[in-house]
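S.K.: This is the structure, below, for whatever I ask next.
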Amino acid sequence: MPIQEQPSTLLTIVAILPSLFLIYQVYQWHKTEKEPKGLLLSLFILGALSILPAVFFELVGTRILLSFFEENSFWMVIAMFILVVGPTEEGLKYFFLKKRSWKHKAFDSMFDGIIYALVVSMGFALFENIGYVQQMGLYAAFVRALTAIPAHATFSVFMGIWYAYAKQCENRGDIKGMKSNLTKAFLIPACIHGIYDTIPSLNIPGSEFIFIVFILFLFRKAYNLVKETAQNDIPL
């Protein structure tokens, strides 16, 4: 019925806007050359599609952990986010990022790595956000616009910068450096993501304050990395 469809459409639009806004803002900061729109679109779609295997792997991971830990226990929460959610979601983003952009001729500057990682991450975050917002309403859209969407963007900045360093190493013939930086491009955002989810989920005294300090530190660090890389972008 139309009366039911209108709120659903509105919620979907509200869920989509934060991701698109962030992509637009970072894209505008790339002053040297604009990236091919076809490449960016494909990265965005792959990021969105990665949520499907993420759901599967997280369900499998949860089942495995439940054979070791009691449901909703302190150690179950930590293991779930640090060992399953963070590595799964960031690992899939990394997989599709590298699969699509590593050998692309347009990948020729440091800032490209950040843009590509951001677009993949926002594709993932957009479809994840739609699911949350459709279930929980406009309040969820507001909260996630201030926390979860920027968080996914933040994870992608750390992924993108190490990803670009890895490409730079490959171009210089430094295979050891390339492998080391590719490992960091996966592990660093995976750890940050896991910690980000863990802190508010533990419900320990002071967790809200710790969480706020943590995300403010992350957002500031990521913002400075983006700004510095955009202003001093160098060829790979």
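S.K.: Could you order peptides 197-206, 160-169, 61-70 by the average number of other Cβ atoms within 10 Å of their residues, highest first?
M.R.: 160-169, 197-206, 61-70
S.K.: Also: If you consider only alpha-carbon coordinates, what radius of gyration and Dmax does region 117-236 have, in Å?
M.R.: 16.3, 51
S.K.: Set the Förster distance to 35 Å, then compute FRET efficiency between F209 and K176 from the Cβ-Cβ distance, nearest 0.05.
M.R.: Taking R0 as 35 Å, the efficiency between F209 and K176 is 0.25.
S.K.: Direction-averaged shadow area of the convex hull around the Cα atoms of the chain, nm²?
M.R.: Result: 14.3 nm².
S.K.: How would region 166-236 be classified by its alpha-carbon gyration tensor: rounded, prolate or oblate, with rounded meaning a/c under 1.5 and the a/b versus b/c comparison settling the rest?
M.R.: It comes out oblate by the Cα gyration axes.
S.K.: When the accessible area of region 181-236 is split by element with a 1.4 Å probe, what percent falls to carbon and sulfur?
M.R.: That share works out to 67 percent.
S.K.: Then there is this: At 1.4 Å probe size, with every protein chain present, just tell me what the per residue accessible area of the chain comes to in Å².
M.R.: About 54 Å² of surface per residue is accessible.
S.K.: Using a 1.4 Å probe on the protein chains only, how many percent of the accessible area of region 71-173 belongs to carbon and sulfur?
M.R.: 62 percent
S.K.: Quick one: length gained pulling T62 to N232 fully straight, 0.36 nm per residue minus the C-alpha distance?
M.R.: Result: 56.9 nm gained on full extension.
S.K.: Now for a different question. Assuming 0.36 nm per residue, please report the length gained on full extension of the stretch K99 to W75 beyond their Cα-Cα distance.
M.R.: That works out to 5.2 nm of additional length.
S.K.: To the nearest 0.05, what FRET efficiency results for E33 and K221 with a Förster distance of 30 Å applied to their C-beta separation?
M.R.: Working from the Cβ atoms, E equals 0.70.
S.K.: I want to verify a result. In a Gaussian network model of the chain, Cα cutoff 10 Å, which of these has the top mean-square fluctuation: L187, L118, L59?
M.R.: L59
S.K.: If you don't mind, there's one more thing I want to ask. Filter the cross-link list K105/K227; K98/K227; K99/K179 down to pairs whose alpha-carbon distance in this structure exceeds 19 Å.
M.R.: K105/K227; K98/K227
The values are calculated or read from the model by the stated rules, or taken from the named source; none is laboratory data. As the structure is a prediction and not an experimental result, all values here were calculated from the model. Quick reminder, even Gly has a Cβ in these numbers, built from the backbone with ideal geometry, and neighbours come from all protein chains shown. These accessible areas exclude ligands, DNA and RNA; they are computed on the full protein's heavy atoms, side chains included. Shrake-Rupley method; radii C 1.70, N 1.55, O 1.52, S 1.80 Å.
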